[in-house]
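Colleague: This is the structure I have questions about; it appears just below.
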Amino acid sequence: MVSLSRLMIILPALVMFSSIAFGHGDEDHSNGAKKVGDTEIVANEISKEDLDIIALEYEKSVKPIFQKKCYDCHGSGNKKPWYYIVPGAKHLMNSDISEAKYHMDMTNGFPFSGHGTPLDDLNSLRKTTKENTMPPKKYLIMHWGNSLGNEDKKIINKWIDNSLTKMNKGEGQ
């Protein structure tokens with residue numbers, strides 16, 4: 001049996017190694033998109049009414065899934081695991097959360113904050129659910145229950161498809 005003191009040494013090393021080995025990588029999510037800060041730029045792509053409908057559908061069906069599976073990194077009120085206090089782990093987790101929110105911050109609902117447009121976010125989410133690239137493997141090492149299940153993916157992809165139809169701009173439609 002591994003002692004607690006040994007675990008306190010091994011665990012941070014494992015987390016740091018996994019960050020290097022399984023990090024987010026240099027994937028470009030922007031699809032050449034302009035950076036958006038608020039809805040005035042979004043209004044050029046979709047009507048306010050359609051955006052409100054998409055946001056309402058998100059709140060009802062998708063947000064509960066994202067709160068359970070994605071908010072630790074992409075939302076606010078992040079639950080910190082017990083090993084957050086371990087030297088090095090806190091810095092690594094804060095860095096990962098900051099990067100996650102840079103790409104897609106779900107804190108304030110849809111449209112998400114981040115570096116892409118709502119269309120970019122929907123297409124990125126579609127790709128992510130298809131390729132199972134989130135959460136990253138390094139996160140799953142310690143949070144194995146946070147993968148999206150098949151039913152979760154169906155609900156998310158139905159919302160994405162309906163949203164892209166409303167936008168009438170979905171890739172692959």
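Colleague: Report, in listed order, any pair from LYS80/LYS101; LYS127/LYS158; LYS63/LYS138; LYS69/LYS154; LYS48/LYS101 with a Cα-Cα distance greater than 21 Å.
Modeller: On the way: LYS80/LYS101 16 Å; LYS127/LYS158 13 Å; LYS63/LYS138 23 Å; LYS69/LYS154 15 Å; LYS48/LYS101 24 Å.
Too far apart for the 21 Å limit: LYS63/LYS138; LYS48/LYS101.
Colleague: Also, quick follow-up: Per residue of the range 117-122, in order, report the coupling 6.51 cos²θ - 1.76 cosθ + 1.60 (Karplus, θ = phi - 60°) as ³J(HN,Hα) in whole Hz, putting x for Gly and Pro.
Modeller: For the range 117-122, the Karplus curve yields 7, x, 4, 4, 4, 5 Hz.
Colleague: Okay, moving on. Check which residues have an amide H placed less than 5 Å from ASP105's amide H, if you skip close sequence neighbours.
Modeller: SER113, GLY114
Colleague: Let me ask something else. For TRP82, what is the net charge nearby, where nearby means another residue's Cβ is under 15 Å from its Cβ and Lys, Arg count +1, Asp, Glu -1?
Modeller: In short, +2.
Colleague: Once the other residues with Cβ under 12 Å from the Cβ of GLY149 are scored (Lys, Arg +1; Asp, Glu -1), what is the net sum?
Modeller: With Lys, Arg at +1 and Asp, Glu at -1, the net is +2.
Colleague: Another question, if that's okay. Taking loop as defined by DSSP and a crowding limit of 16 other beta carbons within 10 Å, which trypsin sites (Lys or Arg not before Pro) in the range 105-141 fit?
Modeller: none
Colleague: List, largest first, the extents of the alpha carbons of the range 36-167 along their principal axes, each in whole Å.
Modeller: The Cα atoms of the range 36-167 stretch 48, 32, 23 Å along the principal axes, largest first.
Colleague: Which whole-Hz ³J(HN,Hα) couplings does the range 151-164 yield from phi under the Karplus relation 6.51 cos²θ - 1.76 cosθ + 1.60, θ = phi - 60°, glycine and proline marked x?
Modeller: 5, 4, 5, 4, 5, 4, 5, 5, 4, 4, 4, 4, 5, 5
All of the numbers you see were taken from the coordinates with simple rules; none came from a lab. Because the structure is a prediction, the values reported are computed rather than measured. Heads up, the Cβs are rebuilt from the backbone with ideal geometry, glycines too, and the neighbour counts pull from every protein chain shown.
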